[in-house]
Amino acid sequence: MIRELYDYRELLKTSVKKDIRGRYKASVLGVLWSFINPLLQVLVYAIVFPYMMKGAADHYVVYLVTGIIPWTFFQTVVNQCTTSIKSNSGIIKKVYFPRIILMLSAFLSGLINFFISCVIIVVFCLIFGMGISWHIVLVPLIAVTEGLFGLALGTIFGAIDAYIQDTEYIVNFILMMAMYGAPIIYEINIFPQGSKIGALIQINPMTKIMNAYRDVFMYHQIPDMGAIGIVFVMSLILFIIAVALFNRMQKGFAEQF
C-alpha cells in the first residue's frame, strides 16, 4: 500500500488541492467561510452558555474558540472520510487508483484548513490579552494526533457507507452527541468530584486533545505529552485496523453504485 501511495503521490497532491479549492468554490465569500463558520458558532455559545453555567471559565470566549475550532477540524475529517467513497463513485467505477487516497486527501485538506483557522485562535488570544508563547510550536503535533484519530474513524465509516448508505446520517448524529462528551463548550469541573460522567469524559481521547490545545494557546505550558502519546498510539493502531478493514471491503465498492 505504501509503495502504491508513493506511485500515486501526484494524484494525492491533486486531490488535496481540489478539496481545498472546491470546498467554497461556488460561494461568494470563498475561503472566508473557514473563519466565519467557527466565529458564528462561538458567538452563539458565548451568548447562551455563560448564563446556563455557573462559574464559566475566565476568558470564556477564548476557551470556546480553542475548543470549537479543533472540534470542527475533527468533525470535518470524519464526515469527509465517511462520504468520500460515495461522493467519488463516478471515478471509482472508471479508473483504478488506491482508494485510501480519498481518505488521506480528506485528512490532509482538513489539516491545512485547520492550520488556517488557527489564525482565529491566535487573534482571539491577542485581543483578550492572553498573548501567545513558544508553546504553539506543539500545535502541529497535537493536530496530527487529532487528525489521525479522525482519519481512523472516518476510514472505517467510509468503508461501511459504501455498502450501507445510511451510515453518514448515523455518523452525523454520533458526532453531534459526541461534541458534548468532551469539554469543548464547558469545563470538566462543572461535574462533581468522583462523578461517573466526569470520569467518562476524562478518559475520552478528545478530552486529552482539547486540554492540550488549551495548554499551548491559553495557559502557555507544555501539555501532558504522555496523554497525547497514548492517544497517538491508540489512533495509529486504530488506523492500521481501519486500513485492513478498508482493503478487505474496497473490492466491492464499484459494484455498490
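Some points to look at:
- Scanning the stretch 121-144 for residues that are in a helix (DSSP H, G or I), surrounded by fewer than 19 Cβ atoms within 10 Å (Cβ to Cβ) and over 14 Å from the mean Cα position of the chain (by Cα) yields V122, V123, L126, I127, W134, H135, I136, V137, L138.
- Scope the stretch 213-229; condition assigned to a helix (DSSP H, G or I) and either without any contact (Cβ under 8 Å) to a residue 24 or more places away in the chain or under 14 Å from G147 (Cα atoms) (or both); matching residues: Y213, M225, G226, A227, I228, G229
- Of all positions in the stretch 58-65, at least one carries a residue that is open to solvent by 30 Å² or more (accessible area, probe 1.4 Å), of a type outside the set (D, E, K, R) and not in a helix (DSSP H, G or I).
- Some residue of the stretch 241-251 being surrounded by 12 or more Cβ atoms within 10 Å (Cβ to Cβ), farther than 21 Å from A46 by Cα, of a type outside the set (A, V, I, L, M) and under 22 Å from the mean Cα position of the chain (by Cα): yes
- Residues satisfying the stated conditions in the stretch 175-220, i.e. crowded, with 17+ Cβ neighbours inside 10 Å and β-branched (V, I, T): I184, I185, I201, T207, I209, V216
- Sole residue being more than 11 Å from the chain's Cα centre (by Cα) and not in a loop (DSSP other than H, G, I, E, B), chosen from L102, L111, L151: L102
- The stretch 86-99 - residue that is within 18 Å of F157 (Cβ to Cβ) and in a helix (DSSP H, G or I) and, of those, most open to solvent (accessible area, probe 1.4 Å): S87
- Selection within the stretch 145-174 - in contact with a helix residue (DSSP H, G or I) (Cβ under 8 Å, 6 or more places away or on another chain), open to solvent by 10 Å² or more (accessible area, probe 1.4 Å) and not aliphatic (A, V, I, L, M): F149, F157, Y163, Q165, T167, E168, N172
- Search result, residues across the stretch 154-174 that are in a helix (DSSP H, G or I) and of a type in the set (A, V, I, L, M): I156, A159, I160, I170, V171, I174
- Evaluated against (1) over 16 Å from V77 (Cα atoms); (2) out of contact with any Cys (no Cβ under 6 Å at 6 or more places or on another chain); (3) in contact (Cβ under 8 Å) with a residue 24 or more places away in the chain, L126 falls short on exactly one condition, (3).
- Among the residues making up the stretch 189-212, those that are under 20 Å from T72 (Cβ atoms), part of a helix (DSSP H, G or I) and free of Cβ contacts under 8 Å to residues at least 40 places away in the same chain are I201, T207, K208, N211.
- Criterion violated by F232 - all others in (1) part of a loop (DSSP other than H, G, I, E, B); (2) in contact (Cβ under 8 Å) with a residue 40 or more places away in the chain; (3) under 23 Å from L141 (Cα atoms) satisfied: (1)
The values are calculated or read from the model by the stated rules, or taken from the named source; none is laboratory data. This is a predicted model, so every value here is computed, not measured. For neighbour counting, all protein chains shown are included, and Cβ atoms are generated from backbone atoms with ideal geometry for every residue, glycine included. Just so you know, the surface numbers come from the protein's heavy atoms only, side chains and all, with ligands and any DNA or RNA stripped out. Shrake-Rupley method; radii C 1.70, N 1.55, O 1.52, S 1.80 Å.
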